[in-house]
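Novice: Submitted below is the structure of interest, expressed as structure tokens.
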Amino acid sequence: MDDINIMNLQKIGLSYTEAKVYLNLLKKKNFTATEISQISGVSRSKIYEILNKLINKGLCIEIRGNVKKYAPTNPETAFNGILLKNKQQFESEHKNKKKLVFELSKTLTPLYISEKQNTDALNYIEVIREKTQIAEKVHILERNAEKEIISFSKAPFAMSLNNVGDNNISFKCGVKHKGVYEAKELRKPKFFDVVKSYEKAGEEIRVVEHLPLKLHIFDEKTVVFALENRLTPRSNLTTMIIEHEDLAHTLKENFQVYWDKALTLDEFIENEK
């Protein structure tokens, strides 16, 4: 079965070694680099390169703790992300690849789920680099929020505005949404329309000229943020997800400073006239 899966993974753009490492990652909740090197038969000198390639393709995440570990991402989400990213490249054979992704997802997702039953208290930091996975993680946290979601919103964005209708914020009853946005983005008509739709749906909106970072805080316990890469600031979307209440409370205090000095959306509109 592994030989068939490796062959199919190669058909959607993975190398033989990447496919082999990914399939082995699915065998346990997470691995150290040494462990996955041993189980997959890939040398230590090569394994970090392969893991980074899998991370960039959305098939793997880093977990920061006492020891850095690596975990597979959900096959269904990951494969659909690869398919979407390469749709134009594969246009002539898109239907075949879509069918292949469906079969891979059906085969490998149960294995992925079976290894997620146990949790490790030290594994509270995740690192994600691929846009599809970042957007999916944020959407999961949004859907699971019970009390409050607050955010700093600034470019670059993981989600395309063309798909915003499919990935809108889930404004659930009883969950408070508060967002601070940068003025330069709101001066773009298309982006303004999206934010206006958020306000109509129930999000409280504020506007400032500059934000220090991209940030989401869920229920005062889970923080999602991206730190700008100064070498390639517009293209790098490396994101960290940290479950830590003290950090969440500290960053919420910082959020409140910006919130208090920000303009409402109506005030921003008036100032722009």
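Laboratory data are not the source of any read-out in this text; all were calculated from the coordinates shown. Just so you know, these numbers come straight off a predicted model, no measurement behind them. All Cβ positions, glycine included, derive from the backbone under ideal geometry; neighbour counts span all protein chains shown.
Novice: Net charge within 13 Å of residue 54 by Cβ-Cβ distance, Lys/Arg positive one each and Asp/Glu negative one each, not counting residue 54 itself? Spell out each step's value before the answer.
Specialist: Working: positive: 20, 46, 53, 57, 129; negative: 18, 49, 62, 130.
Result for the local shell: +1.
Novice: On to the next question. Which peptide among 28-35, 206-213, 133-140 comes first, and what is the full order, when sorted by highest mean count of other Cβ atoms within 10 Å? Before the final figure, lay out each step's value.
Specialist: Working: 28-35: 17.1, 206-213: 14.9, 133-140: 20.1.
Going from most to least packed, we get 133-140, 28-35, 206-213.
Novice: How many angstrom lie between the C-alpha centres of the stretch 249-269 and the stretch 194-209?
Specialist: 12 Å
Novice: Taking the mean number of other Cβ atoms within 10 Å as a proxy for protection, how do you rank 218-226, 241-249 from highest to lowest? Before the final figure, lay out the partial values.
Specialist: Working: 218-226: 18.8, 241-249: 15.0.
The packing order, highest mean first, is 218-226, 241-249.
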